[in-house]
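The values are calculated or read from the model by the stated rules, or taken from the named source; none is laboratory data. Being a predicted model, the structure only gives us computed values, none of them experimental. Glycine also receives a Cβ, built like all others from the backbone with ideal geometry; neighbour counts cover every protein chain displayed. Heads up: the accessible areas ignore ligands, DNA and RNA and are worked out on the full protein's heavy atoms, side chains in. Shrake-Rupley method; radii C 1.70, N 1.55, O 1.52, S 1.80 Å.
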Amino acid sequence: MPSPRRSIEGRPLGASTSSTSSSPGSPAHGGGGGRFEFQSLLSNRAAGADPTCARLRASESPVHRRGSFPLASAGPSQAPPPPLPEEDRMDLNPSFLGIALRSLLAIDLWLSKKLGVCAGENSSWGSVRPLMKLLEISGHGIPWLLGTLYCLTRSDSWAGREVLMNLLFALLLDLLLVGLIKGLVRRRRPAHNQMDMFFTLSVDKYSFPSGHATRAALVSRFILKHLVLAIPLRVLVVLWAFVLGLSRIMLGRHNVTDVAFGFFLGYMQYSIVDYCWLSPHNAPFLFVLWNQQ
């Protein structure tokens, strides 16, 4: 009967153990057989793995990150990304002036929306909207042009004609400059505005600057300079100009900066008119032509 201590080949286990232990590369003596088997196991697993995962593991290794030597499995080296264009770098790193302008624009839009209390019939002050639209007509360019022309035809004095001629020149200059700036800037009117104005042209769909505000500042300064009025009437003229500018914001026609720049532009327009003042001495052909009419 065979001994149970024999192996399957029929040799005793003790002999096999002794022969194996006598070999120099056996794992019992701490030889290299165990290391060879472990390395072969790793190589077999790496051969059956996904090459993409192998590249990822190689790229995530600290040796590869430090860049001490290139790895063969990492693939060809890629070129560094091109530098950002100048405009992109400025967007990523805006200047102090750009931040200030954007903040001012945000405050302008927020304040204009808050003050647009008459922008619609359902607004908080919607019942005052007809009165504000009547005030809007009082600052429109068409009534002022027609009224100035009518008074010029009815005037019978040289002094009156001179003042009215320069007022007509100021109104035409105002229409020209406001239309030119609106066409260049092309700022849209506020979103809560209703395009139900009295009379509009092609450039009136733009918002900057406010033509009513420029005309109010120009006409009020012209009247205060060349008409002799009592103090209550002078205060009434200034109040009319201020309320007219405020009504443009309340109706939702313009933003706050549109009206503020309109007041400034109208004030400066009178300086231009005063510098280029038309008189029978420097523009006699105009007065002679008008007398012939």
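Remarks
- Taking the alpha carbon gyration tensor of region 97-204, multiplying each eigenvalue by 5 and rooting it gives semi-axes of 34, 21, 12 Å, largest first.
- Estimated dipole of region 85-241 in Debye, rounded to 20 [Cβ of Lys and Arg +1, of Asp and Glu -1, Cα centre]: 280 debye
- Hz values of 3J(HN,Hα) by residue in region 240-246 - Karplus curve (6.51, -1.76, 1.60), Gly and Pro given as x: 4, 5, 5, 5, 5, x, 5
- Stretching Ser157 away from Met268 to a fully extended chain increases their span by 37.1 nm, per 0.36 nm per residue minus the current alpha-carbon distance.
- Rounded accessible area per residue of region 88-178, 1.4 Å, Å²: 65 Å²
- Computed 3J(HN,Hα) for region 188-204, one whole-Hz value per residue from the Karplus formula 6.51 cos²θ - 1.76 cosθ + 1.60 where θ = phi - 60°, is 5, 5, x, 5, 8, 7, 10, 6, 10, 6, 5, 8, 10, 10, 5, 7, 6, glycine and proline marked x.
- Gain upon complete extension [Leu246, Val185; 0.36 nm per residue less C-alpha separation]: 19.8 nm
- With a Förster radius of 22 Å applied to the C-beta separation of Val128 and Gln194, the computed FRET efficiency comes to 0.90.
- More than 16 angstrom apart: percent of Cα pairs within region 160-239: 60 percent
- Computed log₁₀ I(q)/I(0) - Debye formula, equal Cα scatterers, no solvent, region 124-181, q 0.21 Å⁻¹: -0.83
- Modelled FRET efficiency - R0 22 Å, Ile137 with Val235, Cβ distances, 0.05 increments: 0.50
- Computed from the C-beta positions of Glu121 and Val288, the FRET efficiency with R₀ = 45 Å rounds to 0.25.
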